[in-house]
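Quick notes on the structure that follows.
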Amino acid sequence: MRTVPVENGTATIKQPGTYSVTGEGDGVQIIVDVDKTAYPDAEVEISLEGVKLTNTETSPVYIASCGGECRIIAKNGTENVISDGTSYTNADGDSGAVYSKDDLKIKGKGTLIVNGNCTDGIVCKDDLKIWNGNVTVNAVDDGIRGKDSVKIGDADDEDYSSLVLTVNTKQGDGIKSSDDSEDGGGVIVVNGGTVKIDSYADGFQAYSDITVNGGKIDISTFEGSSFTGTATGGGNTGGWGGGMGMDGNSNKTDISAKGMKSGSTITFNGGEITIDSSDDCIHCGETFSALGGKLILSSADDALHSDKEVNIGKGTANTFDDVQIYIPKCYEGVEGEVINQNSGTVYIVSADDGYNAAGGADSSGNTSPGGWGGGFGGGTTGTLNLKGGLAIVNSASGDHDAFDSNGNLTVTGGYYFANGNESMDKDGTFSNTGGNIIAMSAGNTNLSARYTFADSTGKVIVSFIAQSGNASKELKDTSLKAYTGGTVTGGTGILEGSPCEIYTGGTITGGTEITSAASFEGGFGGRPGGRF
């Protein structure tokens with residue numbers, strides 16, 4: 001363990017090694033400035049052992065140069081606080097309570113609190129890794145900013161119980177990766193741990209990709225899904241998209257306050273994500289894929305939006321639990337130019353369409369300096385492919401559809417509850433070669449009736465609570481029956497703890513068989529240009 005002298009309030013680290021820091025200090029700065037020519041692979045560890053460090057004139061921790069990686073370690077059993085002032089610029093002409101120009105890793109099993117009182121909390125101009133520890137970041141603007149990448153949780157770890165990351169922002173984004181170069185930067189990866197973000201603007205913002213492999217993530221943005229059009233500007237209004245789009249939703253923020261926003265792809269492989277946002281919960285510029293995990297999404301705008309393709313599930317038609325998506329509040333539920341549901345369970349309560357496949361002019365696309373905004377604004381393309389799993393849509397009364405495609409709508413497998421003014425709406429062709437559908441038009445105000453798909457012996461395939469009303473059916477599997485009411489015993493719960501009460505397996509007793517046949521062709525609007 002090395003020590004470094006403090007001269008004129010500054011402790012400068014010039015050689016690789018591990019350095020212990022203890023005590024309290026006002027106006028003190030720790031600088032890492034290792035000669036990369038002499039030490040091209042230098043690794044520096046700063047062990048914080050009960051530190052309270054404040055500097056109002058510059059960044060309290062400033063990593064100017066480190067050939068390999070700089071590590072900040074919060075020692076087990078200690079609390080460490082780093083705070084900057086309200087107005088300054090550091091040696092890089094920027095600001096941030098913890099500021100690094102090279103790779104930075106934060107770890108340890110102690111507590112680290114970073115207060116970014118000027119602008120940002122933790123800033124890294126290269127790759128930022130947060131491996132473990134109880135880390136809290138409070139910031140006026142962005143909480144955590146890693147230019148090339150932000151990675152949370154070591155992919156090689158199996159136990160993430162010691163990783164708790166909390167981010168609070170007053171004006172900016174929670175976690176941001178902004179590299180716009182062509183070398184694969186601008187990514188955010190979460191492998192595990194507990195992440196809680198309360199942000200004014202976007203929760204996660206990545207110029208390129210966002211990948212979630214595990215962990216428990218809880219994000220809330222400006223006023224959440226209870227937003228009623230009171231935003232008056234300020235904060236993060238420029239750059240990558242405000243809320244103003246042409247999707248028919250008049251209740252939109254004039255800031256970008258999305259839960260997760262990516263200019264390229266967003267991929268969920270596992271974990272549990274809860275988002276409560278005034279803007280879109282999830283918004284990506286290219287392909288969104290939910291291949292595993294559980295998502296609970298509440299929005300005053302759209303729950304899940306992709307400018308291009310949406311893929312839900314990777315299993316077979318009768319796989320319901322690989323992906324679980326619960327959307328108790330939204331304007332639109334799932335939207336993209338191409339939507340493929342392969343497996344999994346999706347439950348939506350929407351003010352407008354549940355699923356909307358549309359293309360053409362899109363103010364939410366990253367196609368102009370205005371950035372990524374709201375929803376689709378026209379065009380006559382779009383493809384909706386319902387291949388498997390379970391999807392339940394409860395749309396509001398009025399001209400709102402359960403499943404809507406501006407192009408073709410194809411059903412080849414799976415189970416669907418379609419409650420909308422038009423249950424299956426398309427502007428192109430419609431075909432159902434293998435799907436099983438319960439359809440109705442009753443609004444979304446009385447979610448109290450049980451519906452069940454079961455075989456002739458009463459063995460349940462899937463059963464759920466949805467809107468009460470006069471239902472019809474189309475069962476391509478002629479060995480099945482559709483019921484309303486009744487009691488299900490046994491079975492396995494999906495989206496447990498939610499009011500939908502979804503079960504697979506078990507047995508249904510009682511109930512009334514739905515005998516009337518659904519007629520979709522007469523109900524298609526065929527309107528040009530998608531939704532208005």
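The values are calculated or read from the model by the stated rules, or taken from the named source; none is laboratory data. None of these values were measured; they are calculated from a predicted model. Here the Cβ is made from the backbone with ideal geometry for all residues, glycine too, and neighbour counts use every protein chain on show.
Do we have SER472 as at pLDDT below 95, hydroxyl-bearing (Ser, Thr, Tyr) and within 23 Å of ASN446 (Cα to Cα) here? It is false that SER472 is at pLDDT below 95, hydroxyl-bearing (Ser, Thr, Tyr) and within 23 Å of ASN446 (Cα to Cα). Taken over region 36-49, the criterion of being surrounded by fewer than 17 Cβ atoms within 10 Å (Cβ to Cβ) and assigned to a strand (DSSP E or B) is satisfied by no residue.
Scoring GLY414 on the criteria (1) out of contact with any Pro (no Cβ under 8 Å at 6 or more places or on another chain); (2) modelled with pLDDT under 95; (3) not aliphatic (A, V, I, L, M) leaves a single failure, condition (2). Confirm whether VAL51 is closer than 17 Å to THR136 by Cα and among the β-branched types (Val, Ile, Thr). Yes; evaluated as a whole, the condition is true for this residue. Of all residues in region 149-157, none are surrounded by fewer than 24 Cβ atoms within 10 Å (Cβ to Cβ), among the polar types (S, T, N, Q) and over 19 Å from VAL98 (Cβ atoms).
For the subset of region 63-85 comprising residues that are more than 23 Å from ASP148 (Cα to Cα) and of a type in the set (S, T, N, Q), which member is surrounded by the fewest Cβ atoms within 10 Å (Cβ to Cβ)? That would be ASN76.
Return a yes/no flag: does region 54-63 have any residue that is of a type in the set (Asp, Glu), modelled with pLDDT of 95 or more and over 11 Å from GLN29 (Cα atoms). Scanning region 54-63, I find no residue that is of a type in the set (Asp, Glu), modelled with pLDDT of 95 or more and over 11 Å from GLN29 (Cα atoms), so the answer is no. In the set GLY93, GLY116, only one residue is small (Gly, Ala, Ser), over 17 Å from ARG71 (Cα atoms) and surrounded by fewer than 19 Cβ atoms within 10 Å (Cβ to Cβ); that residue is GLY93.
Selection of region 80-133 for residues being within 27 Å of ASP157 (Cα to Cα) and part of a loop (DSSP other than H, G, I, E, B) yields LYS101, ASP102, ASP103, GLY108, LYS109, GLY110, GLY121, LYS125, ASP126, TRP131, ASN132. Among the residues of region 415-453, those identified as farther than 17 Å from GLY398 by Cβ, of a type outside the set (A, V, I, L, M, F, W, C) and in contact with a Phe, Trp or Tyr (Cβ under 9 Å, 6 or more places away or on another chain) are TYR415, TYR416, LYS426, ASP427, ASN432, GLY435, ASN436, ARG450, TYR451, THR452. Among strands (runs of 3 or more DSSP E) entirely within region 214-299, having at least 3 residues that are under 11 Å from the mean Cα position of the chain (by Cα) and either modelled with pLDDT under 95 or within 21 Å of ALA155 (Cα to Cα) (or both) singles out 266-268. When you check LYS426 against the structure, is it on the phi < 0 side of the Ramachandran plot and under 31 Å from the mean Cα position of the chain (by Cα), yes or no? When the stated conditions are applied, LYS426 passes them. Regarding VAL123, is this residue over 16 Å from LYS196 (Cβ atoms), modelled with pLDDT of 95 or more and crowded, with 20+ Cβ neighbours inside 10 Å? Spelling it out, VAL123 is indeed over 16 Å from LYS196 (Cβ atoms), modelled with pLDDT of 95 or more and crowded, with 20+ Cβ neighbours inside 10 Å.
For region 300-337, the candidate set comprises residues that are assigned to a loop (DSSP other than H, G, I, E, B) and under 13 Å from the mean Cα position of the chain (by Cα); within that set, the residue that is farthest from GLY493 (Cα to Cα) is ASP302.
Quick check on region 182-207: of everything there that is among the charged types (D, E, K, R) and closer than 25 Å to ASN134 by Cβ, which residue is surrounded by the fewest Cβ atoms within 10 Å (Cβ to Cβ)? Here the residue is LYS196. Put simply, of TYR99, TYR88 the only residue that is buried (at least 21 other Cβ atoms within 10 Å of the Cβ) and modelled with pLDDT of 95 or more is TYR99.
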